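What follows is one structure encoded as structure tokens, with my remarks underneath.
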Amino acid sequence: MRLMKTLLACALLAATGSAALAQTMKAADVHPAGYPTVVAVENMGKKLDAATQGRIKFQMLPGSVLGGEKEMIEQTQVGAIQILRTSLGPVGPVVPEVNVFNMPFVFRSIAHMRAVIDGPIGQELLDKLSASPARMVGLAWMDGGSRSLYTKKPVRKPDDLKGQKIRMMGNPLFVDTMNAMGGNGISMGFGEVFTALQTGVIDGAENNPPSLFTTNHFKTGAKFYTQTNHLIIPEILVMSKVAYDKLSAADQAAVKKAAREAQLEQRTLWDAAVADYSTKLKAEGVEFIEIDSKPFFDATAPVRAKYGAAYADLIKRIEAVR
Ligand code: GTR
């Protein structure tokens, strides 16, 4: 009887103990509800809730409610956001080691990028981010497709970009990329692009079909979508180190497992979204201009030389991935 009572007391203590450690994590994304990254992270939260008996839950905050990516990265670093899905682009200025994936034409194709992020190099880069002083833990990669130019005047070759101000994500590497491609790169947050296009502060931008559609940027007259595919940048899912360090080893492992599953689930959602939004963009009158991207590849060689020097061996390994 006494033993029973002691066991019961222990069980009760364990239950209240774990309840006290329960964390509702703010999960943030610039994209709206329903976007592939948002859905995959929501599903990850549901799985974690079940796997940890409610110790870990996600509160999804989509649609830039907590700011642009630069601001959200800062909030994640200090622990105000616990889970962040962001493009790797704006992470580059904080963790320079990841810039290798941000270089123009570093991946031959989306299939090549996927093979790299799914394999040892992908894991190495997540680990480098986690080991950096940035106070973020790299959990998983997601697909951001490939980025192409959209402008108000058709562009077919680097010369057509002369004098055109093109919005790029906040990272000097991208401004250099656009300048090398023939235009004038302007660094700006995602949330400012619509008004900047509308008022003529910029003449164009670059992104994948789901982002071009959901932001309505094409409604500003930027309806020539030139298939340059100059940047294939993976998205990254990170956790604030502040939150991660509070978890037990078992819960940390559960988070990493669920994140890896989210990486693969998002890919399926992504492929469907690209097909769906490309059809919708065409129906809205967006002209997809097929081009030979070689002149843009050649024009950006100095950017790869400048930024790639620091990762020469890694780039050779990336190229060797089939
Ligand atoms: C999207 C990406 C976002 C954001 C945006 C941008 O493709 O998913 O994370 O980086 O591009 O251009 O700022």
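Miscellaneous remarks
- For Leu125, the criteria (1) more than 26 Å from Thr300 (Cα to Cα); (2) part of a helix (DSSP H, G or I) hold in every case but one, which is (1).
- Residues satisfying the stated conditions in the stretch 221-251, i.e. farther than 26 Å from Leu173 by Cα and either within 16 Å of the ligand (Cβ to nearest atom) or not assigned by TED's automatic domain parsing to the domain that holds Lys26 (or both): Gly221
- Residues located in the stretch 183-209, provided they are under 24 Å from Arg156 (Cβ atoms) and either in contact with a Pro (Cβ under 8 Å, 6 or more places away or on another chain) or assigned to a strand (DSSP E or B) (or both): Asn184, Gly185, Ile186, Gly204, Ala205, Glu206, Asn207
- Pairs are defined by a Cβ separation below 6 Å, a sequence spacing of at least 6 or placement on different chains, a first member in the stretch 61-75 that is in the same structural domain as Val94 (by TED's automatic domain parsing), and a second member that is among the small types (Gly, Ala, Ser) and in a loop (DSSP other than H, G, I, E, B); the pairs so defined are Pro62/Ala33; Gly68/Gly189; Lys70/Gly170.
- Residue in the stretch 255-270 that is among the hydroxyl-bearing types (Ser, Thr, Tyr), outside the structural domain of Lys306 (by TED's automatic domain parsing) and open to solvent by less than 60 Å² (accessible area, probe 1.4 Å) present: no
- The stretch 141-170 - residue that is among the small types (Gly, Ala, Ser) and open to solvent by 10 Å² or more (accessible area, probe 1.4 Å) and, of those, farthest from the ligand (Cβ to nearest atom): Gly163
- Residue satisfying all of: in the stretch 63-78; part of a loop (DSSP other than H, G, I, E, B) and within 11 Å of the ligand (Cβ to nearest atom); least open to solvent (accessible area, probe 1.4 Å) among these: Gly68
- Pairs are defined by a Cβ separation below 8 Å, a sequence spacing of at least 6 or placement on different chains, a first member in the stretch 149-176 that is touching a residue at least 60 places away in the same chain (Cβ under 8 Å), and a second member that is part of a strand (DSSP E or B) and basic (Lys, Arg); no pair meets this definition.
- Looking across the stretch 287-320, the residues that are outside any helix (DSSP H, G or I) and closer than 18 Å to Gly145 by Cα come down to Phe288, Ile289, Glu290, Ile291, Ser293.
- Hits in the stretch 27-60 (condition: over 14 Å from Gln82 (Cβ atoms) and in contact with a Ser or Thr (Cβ under 8 Å, 6 or more places away or on another chain)): Val30, His31, Pro32, Tyr35, Gln53
- If you go through the stretch 181-200 and keep only what is open to solvent by 30 Å² or more (accessible area, probe 1.4 Å), away from the ligand (no atom under 13 Å from the Cβ) and in contact with a helix residue (DSSP H, G or I) (Cβ under 8 Å, 6 or more places away or on another chain), you end up with Asn184, Gln198.
- In the condition set (1) among the basic types (Lys, Arg); (2) out of contact with any strand residue (DSSP E or B) (no Cβ under 8 Å at 6 or more places or on another chain); (3) farther than 30 Å from Ser130 by Cα, Lys257 is compliant with all but (3).
- Of all residues in the stretch 79-101 being assigned to a loop (DSSP other than H, G, I, E, B), open to solvent by less than 10 Å² (accessible area, probe 1.4 Å) and closer than 20 Å to Ala262 by Cα, the one that is nearest to the ligand (Cβ to nearest atom): Leu88
- Test result for Gly138, buried (at least 22 other Cβ atoms within 10 Å of the Cβ) and in a strand (DSSP E or B): yes
- Filter result for Thr86 (in contact with a Phe, Trp or Tyr (Cβ under 6 Å, 6 or more places away or on another chain) and within 30 Å of Gln198 (Cα to Cα)): no
The values are calculated or read from the model by the stated rules, or taken from the named source; none is laboratory data. Predicted model only: the values in this text are computed from it and were never measured. Here the Cβ is made from the backbone with ideal geometry for all residues, glycine too, and neighbour counts use every protein chain on show. For accessibility, only protein heavy atoms count, side chains too; no ligands or nucleic acids. Shrake-Rupley method; radii C 1.70, N 1.55, O 1.52, S 1.80 Å.
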